[in-house]
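For reference, the structure discussed in these notes is given below.
The values are calculated or read from the model by the stated rules, or taken from the named source; none is laboratory data. Predicted model only: the values in this text are computed from it and were never measured. Positions of Cβ are backbone-derived with ideal geometry, glycine not excepted, and every protein chain shown enters the neighbour counts.
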Amino acid sequence: MIEDFIRQNREAFDDQEPSPRNWKKIEATWPAQRPGWWQSVTLWRAAAMLFMALSAYLLLPKEWKPHAPPERVALNEFKDVEAYYVKEISNKVALIDAFQRNEGVDGFTQDFQQLEAMYMVLKEEMQKRPSDQVKDALVLNLLVRIDLLNQQLHMLEKERPGKKPDAEI
């Protein structure tokens, strides 16, 4: 009945609008609408920033560290090089000591002692003001000392070709 009437005359009702006064009455009965916390623009901005920061953290390599000053890099590189060459020098000094015990050869030459003294001065300079130039000078000093020790060992082996020290070269 009423439903049939409304269905038959539906098009006549569609172009009608309630008056503004009626709309105000209807709106007054609705509860005040506030956007929910999930609709907050500030919240979405914060979430986007957090997502970007987390993505950057996960994508950066784990070994990434701020760059150290070049002086610290030179000092750290030198420590590794020094450890290797000091071990080599110690081995060669032990070989020469073995020859000295067996053959009665005199001690180290004056050149070797001067190189050792220069090395100590350069090492102090590296501690005070590390740089690539000082590092290179230290490595060169170590190489020259090893070469000098090799020459002494070679000379000692030439004098006694059949006899070798207890330690290996």
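If the condition is being surrounded by 13 or more Cβ atoms within 10 Å (Cβ to Cβ) and among the basic types (Lys, Arg), then segment 108-129 contributes only 123. Considered as a group, the residues in segment 22-64 that are modelled with pLDDT under 80 and of a type in the set (A, V, I, L, M) include one that is surrounded by the most Cβ atoms within 10 Å (Cβ to Cβ), and that residue is 60.
Of everything in segment 130-163 that's surrounded by 11 or more Cβ atoms within 10 Å (Cβ to Cβ) and not in a helix (DSSP H, G or I), which residue is modelled with the lowest pLDDT? For segment 130-163, the residue satisfying everything is 163. Residue 17: outside any helix (DSSP H, G or I), among the charged types (D, E, K, R) and at pLDDT 75 or above, yes or no? Spelling it out, residue 17 is indeed outside any helix (DSSP H, G or I), among the charged types (D, E, K, R) and at pLDDT 75 or above.
Contact map, segment 112-134: first residue within 14 Å of residue 89 (Cβ to Cβ), second residue of a type in the set (A, V, I, L, M) and assigned to a loop (DSSP other than H, G, I, E, B), Cβ cut-off under 6 Å, separation 6 or more or different chains; the map is empty. Do we have residue 70 as out of contact with any Pro (no Cβ under 7 Å at 6 or more places or on another chain) and either loosely packed, with under 10 Cβ neighbours inside 10 Å or at pLDDT 75 or above (or both) here? No: the conditions fail for residue 70.
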